Amino acid sequence: MDRMKVRVRFAPSPTGLLHIGGARTALFNWLYARHTGGAFILRVEDTDTARNTQEATDVILSGLRWLGLDWDEGPGRGDFGPYFQSQRGKIYQRRVQELKAKGLAYDCEGAVKFKMERHPIVIPDLVVGRVTRELTDREAADPDFVIVRSDGQPVFHFVNVVDDLEMNITHVIRGEDHLSNTAKHIALFRAFGVEPPQYAHIPLILNPDGAKMSKRDRGASLQNYVDEGYVPEAVVNYLCLLGWSPKENREKISLPEVIPLFDLPQILRHNARFDLAKLEWLNGEYLRELSAARFRELGAAALRRAGCKMDAYPDNYITAALATCQGKIKRFSDLAAYAGFYFQDEVKIDPAAAEKEFTPEAKARLQKLREALAQLEDFTAAGIERTLKAAAEELGVKAGVLVHPTRLACTGAAVGPSLYHLMEIVGKEAILKRLDAQIVAG
Ligand code: GLU
């Protein structure tokens, strides 16, 4: 194999959420792979069988897919698998034997311990710089550490290194919280007679108040942004800025534009602050500029998540319906309230609003409009508008007097897409049904 080819990996432990920090680590690895023409590998570190469920793994896989971070090797593809640590037990056993045979590991009270190097270890980190790790006083007395517990489970340091070695990883890009483990990892690589990979420890993500972002913080889980209907491109753009920056203080930048610019030495050394206001601003920018096709795709997905039975509607109906919403919503999670009426057989109307709007006089007027619409052959926005205005004139009222109850009957809401257009899309038959439901009700 080509020894120069960059091979990086994202190695999450599935705990049930994809943390924003983890998503950023995945992104930086992905960017480095794409920048160098290397390979991005996804390895699932699921050795904690009590916590690591299939659902927890799915959260990570679907989060990466949502962000658009495709992996070259990982679950489902690649020649260095399996890519789940839970399936690599034999490899670890073989590697433990190898260290024992070299006299670098030994049994101790049922566990297996590694003979750690007895001198300071230098970590040449591409982001942090050169770090020398001295032995602590406690370690100086006995620096050896357990690599296989007495229950037979190999520990994180060991499996992490064995996999990086077996998978020919060239660069380890991960959170700075792992810097303190790296001396152990380097010593293990050397024990196997292999040159350690290059390290790049990326700074932590802090809350706006400067505290370390924890799992419990609002906004710490990527799923939060999926559920709230953010545009993935906006979230990815924002994650790029957490510890990296294009020149000239540019903030809105697309992933394809970042790839040629991204490099490890430019990763900022200071901790990054999570700024929800900036993310929201970026989201608004992306939402406004989405192509109609992408708006339709993301919009349909959001409506499906909100429980709309999208599969019951033809493609061109969905496309037309969503086209009336672009530019009108701030987040896709607003869409169900704004346009859910397109995808319901019967609209739900707030009883208080219905009582106020559907007075006996209003019903009589709606009846007139209904009759006129039933006669209308050309059920287009223009035809509907003409008909409504003519009906209003005949009734001696302003168009607005007809518009409000009509909108409420057709959509169940007081605000929404352009009335004549939405009526055309919902279609004559369904509109007459919706008007009838209110004319006869009460
Ligand atoms: N499973 C470890 C974690 O999620 C991986 C650390 C590493 O990237 O080496 O923190």
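The values are calculated or read from the model by the stated rules, or taken from the named source; none is laboratory data. Everything numeric in this text was worked out from a predicted model, so none of it was measured. Here the Cβ is made from the backbone with ideal geometry for all residues, glycine too, and neighbour counts use every protein chain on show. Surface accessibility is based on the protein's heavy atoms, side chains included, excluding ligands, DNA and RNA. Shrake-Rupley method; radii C 1.70, N 1.55, O 1.52, S 1.80 Å.
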Taking into account only those residues within region 375-389 that are of a type in the set (Gly, Ala, Ser) and surrounded by 13 or more Cβ atoms within 10 Å (Cβ to Cβ), which is nearest to the chain's Cα centre (by Cα)?
381
Subset of region 395-419 [farther than 16 Å from residue 346 by Cα, under 36 Å from the mean Cα position of the chain (by Cα) and buried (at least 16 other Cβ atoms within 10 Å of the Cβ)]:
416, 417, 419
Hey, does region 370-390 have a residue that's in contact (Cβ under 8 Å) with a residue 60 or more places away in the chain, part of a helix (DSSP H, G or I) and farther than 26 Å from residue 335 by Cβ?
yes
Among 306, 293, 312, the single one that is of a type in the set (A, V, I, L, M) and free of Cβ contacts under 8 Å to residues at least 12 places away in the same chain is 293
Flagged in region 199-223 as in contact with a helix residue (DSSP H, G or I) (Cβ under 8 Å, 6 or more places away or on another chain), open to solvent by 50 Å² or more (accessible area, probe 1.4 Å) and over 26 Å from residue 56 (Cβ atoms), in numbering order, are 208
Name the residue that is least open to solvent (accessible area, probe 1.4 Å), counting only residues in region 143-182 that are within 12 Å of the ligand (Cβ to nearest atom), under 24 Å from residue 109 (Cβ atoms) and of a type in the set (S, T, N, Q).
160
Determine if region 427-434 includes at least one residue that is in contact with a Lys or Arg (Cβ under 9 Å, 6 or more places away or on another chain), part of a helix (DSSP H, G or I) and open to solvent by 60 Å² or more (accessible area, probe 1.4 Å).
no
Surrounded by 15 or more Cβ atoms within 10 Å (Cβ to Cβ) and not in a helix (DSSP H, G or I) - does that describe any residue in region 330-342?
yes
Only unsatisfied item for residue 185, checking (1) within 16 Å of the ligand (Cβ to nearest atom); (2) under 23 Å from residue 18 (Cβ atoms), is (2)
Could you list, in sequence order, the residues of region 240-256 that are exposed (fewer than 12 other Cβ atoms within 10 Å of the Cβ) and either in contact (Cβ under 8 Å) with a residue 60 or more places away in the chain or of a type outside the set (Asp, Glu) (or both)?
247, 249, 250, 256
Of the residues that sit in region 7-54 and are surrounded by fewer than 20 Cβ atoms within 10 Å (Cβ to Cβ) and of a type in the set (A, V, I, L, M, F, W, C), which one is modelled with the highest pLDDT?
17
Residues of region 294-316 classified as out of contact with any helix residue (DSSP H, G or I) (no Cβ under 7 Å at 6 or more places or on another chain), closer than 30 Å to residue 241 by Cα and open to solvent by less than 70 Å² (accessible area, probe 1.4 Å), total:
2
Of the criteria (1) more than 15 Å from residue 30 (Cβ to Cβ); (2) β-branched (Val, Ile, Thr); (3) surrounded by 21 or more Cβ atoms within 10 Å (Cβ to Cβ), which one residue 235 fails
(1)
Per the filter on region 248-276, residues touching a Phe, Trp or Tyr at 6+ places or on another chain (Cβ under 9 Å) and more than 22 Å from residue 231 (Cβ to Cβ) are 263, 264, 266, 267, 268
Subset of region 61-82 (residues that are in contact with a helix residue (DSSP H, G or I) (Cβ under 9 Å, 6 or more places away or on another chain), within 30 Å of residue 187 (Cα to Cα) and crowded, with 19+ Cβ neighbours inside 10 Å):
71, 74
Where in region 1-107 are there helices (runs of 4 or more DSSP H), lying fully within it, with 2 or more residues that are away from the ligand (no atom under 16 Å from the Cβ), within 15 Å of the chain's Cα centre (by Cα) and not aromatic (Phe, Trp, Tyr)?
54-67
